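Bear in mind these aren't lab numbers, they're just calculated from the coordinates by the rules spelled out. Only a predicted model underlies this, so the values are computations on that prediction, with no experimental measurement involved. Neighbour counts are summed over all protein chains in view; Cβ atoms, including those assigned to glycine, are modelled from backbone coordinates with ideal geometry.
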Amino acid sequence: MKNFTLRILHGAGLLMLLEFGMIQLTSGQNPLNPVTLRIDPTTAQGGTVSQLIDSVVFTPLETNPQSSFGQIDQLEVTDKYFIILDQQTNSILIFTRKGDFHAKIELKKAYHSGEYHIPAFNYNKFTHFIEIPFSRSFSFCYNTDGQFVKKMVVFDFEYGLILGKNTLAYYSYHSDPRFKDSTAYELVVAKDSVPLKKYFPYNMKTATLKDKDMLYSNHINFYRLDDTAAFFLRPYDYTLYTLSPETLYASYQFIFPAMNSLPANFTTDSSLNYKRLSFIEENKDIIYGLSNVYKVGDNLFFKLLDRNTPGANSYLYNLRSNNLLCIDKISPDKKSYYLPITDAQIGVNFKNHGFLTEDKGFLFTSYSSQTLFQQEEISLNKDFKYPPTLFKYLNNKKNARSNPIIIQMRFKTDL
Amino acid sequence: MAIGYTAVAQTGDSTQIGHVDGIVRDSAHNYVLVSATVAVYSKDSNLINFQLTNTLGEFHFKGLPRNTPLVVVATYVGYENEMLHVTVPLKEDRMEMITLNMKRAENKLPELVVSYVPPVRMNKDTLEFNADAFKLDPNAQVEDLLKKLPGVTVWGDGTITVNGKQVVNVMVNGKPFFGGDSKVIIQNIPKNAVDKVQVYQQNKTPENPRDSVMMMNIKLKNSKSFGHFGKVSAGYGTDGHYQSVANINFFSRQTQFGIVGAGNNINKVAGNISTLLRNSTYKGVGAGIEYQPDFSMQGVNRPLEGGFIFQHDFIPDPDFYKNNRLTANYFIHNNTSRISRQTQTITSLGADSVQVQQNRSDNKQSGTEQDLSIQYDKHRGNNTYQIIGEGTANVTKSNNIQQNSIGNKGTEYKSANDVENNVLKSARNFSVAASLDHKKDASNHPNSPGQFNIKYSFEIGDGKDTELNRTVFSSLYSPAENQEINRRYDNNSNHTDQQLSFSLGNFSHWILPRWLQSINTTLQNELMVNTYHQLNSVLDKDTITNNYLHNNYLSGNSHYIIMNEMPALNFTRNIYQRLADRYNKMLTINFNVQQQFYYQKNNSSHTFQNITQNYSNFIPNAAISYENNQFGEFKDNYSLKFAVTAAYPTIDQLAPLTDSINLYYIQQGNPHLKPSKKKELSFNWGHSSSRMKNTFYYKVNISLGSVQNYFGDSIIIDAVGRRTHYWVNMGGNNFLKGIINLNKAFKFTHQELQVQLTTGGELSRIPSYMNDILNSSNSLLNYNTLNIHYAYKDKVAANFEQHYSFYRSLQNGIQNYSFNNRNRATMLSVSFNGSKKLTISSNITFNRAKSSGSTGANFTIWNADASYRLLKDNNLELKFSALDLLHQNTSIINYGIGNTITYGKTNVLQQYFIFTISYFPRKFGKGKDINK
């Protein structure tokens, strides 16, 4: 999987890592110095689809009573399938890459689990199973045909990023004065459920950054680089780390203009305790974190998190030319059939989720069919031709109840 | 908030066919600007049309004048305005695509950058219309502005809708304005004092974002946030008719104070301060359908009314999360009325057909009512506090002379009863109520039942009635039964009412198994304790000695206490179904398990009135409701409710002191009367279209019920027409009611058409005994109102209204006798603005009333008036009105209840002519506004 939403639940059981006493501590030193990236969002350029993008494909997803769903909260792309999590219908849907409905997993039906909501899932590239965490002690495994395979014991590790066969990385942070005076670690890499590496120790009772200071929206820690490596992000930290089973190092250090930056001592200044969320809310231009990080050749994609909701926040930085582009401002043209490549200007999908995943150089996003139909009207007087699939979709299936569409795009490399 | 927006042309003409197409770009950063506002102005800065750019950054204007210099202005938050001068050539209808290149306004506050004001913009979740962008007449009011705004409809009945959704509250600078009546706001505030009109949705409960209401805020320009407005008016006409009103209202950022007084002898009775303010607006006497003297009101009234309204906000910018406000209202109402009426009431009797009662009465009444209320509200964080104190004092004096006679249909009368009474009544009440509402902090205490609401109220009051009553009864057949009673009453009473109610919960996490915890459980309780103490002294005049003698039976004292305790456990379950960008559906199931304990005790100097009773009743209710919101299409609401309620016989029904002074109505008690229980099932259905153009919404309500142990009437009528009424428990009281309300608006460039239809009906079965024979009255009531409102610019407003109502009652038991009556009224009113100064309006109403046993009445009321405004700000109005030009006004009484039907006439206001001068003192802010 390319990214993974780690949802830390307030009041969930605590990870008492000290129980694994024999674990070797690794400091997470960087073998290389991180690359400094100076990013001023106000200077970001826009452009048209033709200027910036090599290829863009719109894939409508089949709508029938069985396959109907709300929006894409998590997307995994395999060679054959789109695997989609929709939290509204609490289901995982599998469509072929052409958009035909293939299978559906509804945990509720299979296990009578009542109100349980699927927070996220893992696609295991080694076993080709879809792993759905059910509690901190076990997951359910399904195959890509939607069939139940097995119930899998995952010990006490919550769920995390699959970083190799039997290797798992997970992030956990719980700090509250009511907790025991003990040391825990934010990031742990475990093999066969035994901690292998531990990073970022903190005292659960006395750490200055409290649970109630954590902003969990868009709190995604891992973005996969390949089968055994991933980008790793910490909350309120402008450093982009690279994680592999054995190592963790800082790859890029982001620097923003002062007016957009968190105070240097933001996580350690105890006078800010319990006030960090309101600080971020009141200083809407401050970037409080990074997310949706993908690297394709020299293009580094990322999203800047702030509370200025109507503002743009997804960017592309070319590491060779140092050009900064704003994804939200790319305007459609003939190459995209005058259809927007994201709904950044007209909807909420891209604002909330950014690029959903990356696969073989393509980035994926989605928006609603309703948005597609509305945009189609704008191009009525333009001279262009839709590809057959899209033409058929727009003409035959014009129905406001249709499923969202998936847009995949590959950016030019010489930007 | 999902407020869609598409461009709407403000002006259009088939001869104007010029097109201007273009794109708005930030070329320094190489992108197009989406949702930038592009407006086309004429050379003299008049707004012709505006749009927001599409996702390609493009705009496309049609229908622009050719060969005319135009200015195209693009505005975007954070950018400097960009403008281009263009002229569409006469020979072409289209120009080449133009590009407006915008530059960022570096280091400037976005608000300061804009010099050419964009007509509309989305500011986060708020849709904002900039008043300055809309060029209207200098004397235009907010109402004129709203009518220009795309998606906004101001309905003939005063309702405002935005994209089909009804605006629940109109605020000024975020606060209620002089009581919150939207008409007071939109017809008094000049358009030029307005900075922005903001439309947004406000969540009523933060935990349920869908429970939201549409709000409108009129944001005044900073320099116009204080001022005054009002009306001083006096008129005098033929037959001594006069009217006058004086109103002045002051406001600042935090304080509002208004004072009003009015007096007339033309049946304009307001009854409360908000009606007076509502009918003293600057705009109200313009092209709209004017507030008329009430020609249908019975009698002639001479009201003198007045009061003040005060509001102070301790925080200048209250919002949904914080509020700290003191309000006070005082109203005094004095009225002198005289009603002369003549009616005929037909009662269906046993086998010997019907009884006809003729009544002629002359009632003179004068009285004063005063009401002072003071309210303090505070809302901060999770707590809402409210304290309300209210005091009332009323004095009424009346003189009533009645002549009654009774006979069978077609025969002479059998008996007559003449009454003269003089009454002096006074009453005082004082009450105080305090409430606290606490919402729980769900993030800190997810499982505790921490949400609660508690309310306590206390009322104390006293009353004093003095009455002199002289009745002469004469029987045609047996003169021995003739009687004359001359009675004097001195009744004193005092009462206290206390009410304590609370609700606490959700308890689900404590009492329900995990799999049922999605059900919301609250504990509720309501306790009422009322006491009533009465001291009556009744004297009868001895016709021989002319001395007043004590009436031992009717005199005495009593102490009555009622305790009503209603504990309840309420279970609610919400089930949501959502599909992003497509629909939201919600099903709510609610059960209220409620028990009622009712205790009453009466201690009286008459032993037969010493009664103690205890009742316990299970009075559950349940409701199921469903909401279906299909985004961009429609929103439907359905609800089905079932409720059981109980009614308990009062001491006056169980063991009254029977006063036989009125022999045509002698009320006897029934100590064996049992409580009645009503079961009612009701269904509501509402639909509103979410489309921006041509708003459409409708509501349907149907209810069905039956009453067990209905308090029915058993009437014994003797040979000379004397009636004695007894309360009896009866079965078979059922009803079925329904009402449908349809509303549709069509908005064109210069014209607006609104159609509103209300139709309703009621079928009921009322059982009774008539001379010991069981009778049931099966009645059908049907009423319909169609209203069509048409407006052309500000020039013409026309209203057509058709009312039709029908009542039929069929007796079953004593005789299969049928009554029916019909009322029909057709009203047409037209108002025409000849110029900005002159308004001529006229309205005509054709009335027709017909009833069983009468020949029917047709009459037409035609009114006309002309008004002329003087001075620069149109502050002075001269008006001449001619009312009831045809001299036909008649007030018809026409109604039916059970096995009786009443038809008659009263004295009414008739033809007069009146000349009125009104002055509207107004000032918003100091001097000229810089933005003007």
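Remarks
- Space enclosed by the convex hull of the alpha-carbon atoms of the range B:63-107, per residue, Å³: 67 Å³
- This ranking places B:E467, B:E82 by how few other beta-carbon atoms lie within 10 Å of each, fewest first, which gives B:E467, B:E82.
- Fewest-first sequence of B:H559, A:H174 by Cβ atoms within 10 Å of each Cβ: B:H559, A:H174
- Lys pairs under 27 Å by Cα in the range A:144-203, provided they are eight or more residues apart or on distinct chains: 11
- Pair-distance profile P(r), taking every C-alpha pair of the range B:307-416, with 5 angstrom steps and integer %: 2, 9, 12, 10, 8, 7, 7, 7, 7, 7, 7, 6, 5, 3, 1, 0
- Diffusion constant of the range B:778-879 at 4 °C, which comes from Stokes-Einstein with the Kirkwood Cα-pair radius and 1.567 mPa s, µm²/s: 77 µm²/s
- The range A:143-217 - Rg and Dmax from Cα coordinates, angstrom: 15.5, 48
- Straight-distance candidates among the aspartates and glutamates for linking to A:K329, with alpha-carbon spacing under 12 Å and chain neighbours fewer than 8 residues away dropped: A:D343, B:D26.
- In order along the range B:660-665, phi translates into HN-Hα couplings of 9, 5, 9, 6, 7, 8 Hz, rounded to whole numbers, per the Karplus curve 6.51 cos²θ - 1.76 cosθ + 1.60 with θ = phi - 60° and x for Gly and Pro.
- When every Cα-Cα distance of the protein assembly as shown is counted in 10 angstrom steps from zero, the calculated P(r) takes the values 1, 7, 12, 17, 18, 15, 12, 9, 6, 3, 1, 0, 0 percent.
- For the range A:245-349, alpha-carbon Rg and Dmax in angstrom: 16.8, 54
- With each label modelled as a point 7 angstrom along the Cα→C-beta vector, the A:D226-B:T785 pair spans 7.8 nm.
- Distance cut-off 17 Å, percentage of C-alpha pairs in the range B:601-658 lying past it: 64 percent
- Convex hull of Cα atoms in chain B, direction-averaged projection (nm²): 44.5 nm²
- As a calculated quantity, the FRET efficiency between B:Y321 and A:D269 at R0 = 35 Å, using C-beta atoms, amounts to about 0.80.
- Point-to-point label distance, A:E281-B:A864, nm (Cα→Cβ direction, 7 Å offset): 6.5 nm
- Principal semi-axes of the equivalent ellipsoid, √(5λ) from the alpha carbon gyration tensor of the range B:301-363, are 54, 21, 6 Å from largest down.
- Our summary gives chain B a relative contact order of 8 percent, counting only alpha carbon pairs under 8 angstrom and 6 or more residues apart.
- Sequentially through the range B:571-588, phi angles give Karplus couplings (6.51, -1.76, 1.60; θ = phi - 60°) of 10, 10, 10, 9, 10, 9, 9, 10, 9, 3, 6, 10, 7, 10, 10, 9, 10, 10 Hz, Gly and Pro residues having no value and appearing as x.
- Between B:Y919 and B:I387, the FRET efficiency estimated from the beta carbon spacing at R0 = 45 angstrom works out to 0.70.
- Set of lysines near A:K335 by C-alpha distance (under 16 Å), chain-local residues within fewer than 8 positions excluded: A:K382, A:K385, A:K412
- Proportion of all alpha-carbon pairs of chain A beyond 34 Å (%): 32 percent
- Taking a straight line from the alpha carbon of B:K439, these lysines sit under 24 Å away, with near neighbours fewer than eight places off in the same chain left out: A:K212, A:K275, B:K175, B:K204, B:K322, B:K378, B:K455.
- Nitroxide proxy distance, nm - points 7 Å out along Cα→Cβ at B:S682 and B:R94: 5.8 nm
- Close amide H partners of A:L163, meaning residues 5 or more places away or on another chain with modelled amide H under 5 Å apart, are A:L168, A:A169.
- Placing R0 at 51 angstrom, the Cβ-Cβ distance between B:T749 and B:N574 gives a FRET efficiency of 0.70 after rounding to 0.05.
- Amide H within-cut-off set for A:D328, under 5 Å, with H built and near neighbours excluded: A:N313, A:S314
- 3J(HN,Hα) along the range B:255-271: 10, 10, 9, x, 10, 8, x, 8, x, 6, 10, 10, 6, 9, 10, 8, x Hz, from the Karplus curve 6.51 cos²θ - 1.76 cosθ + 1.60 with θ = phi - 60°, whole Hz, x for Gly and Pro.
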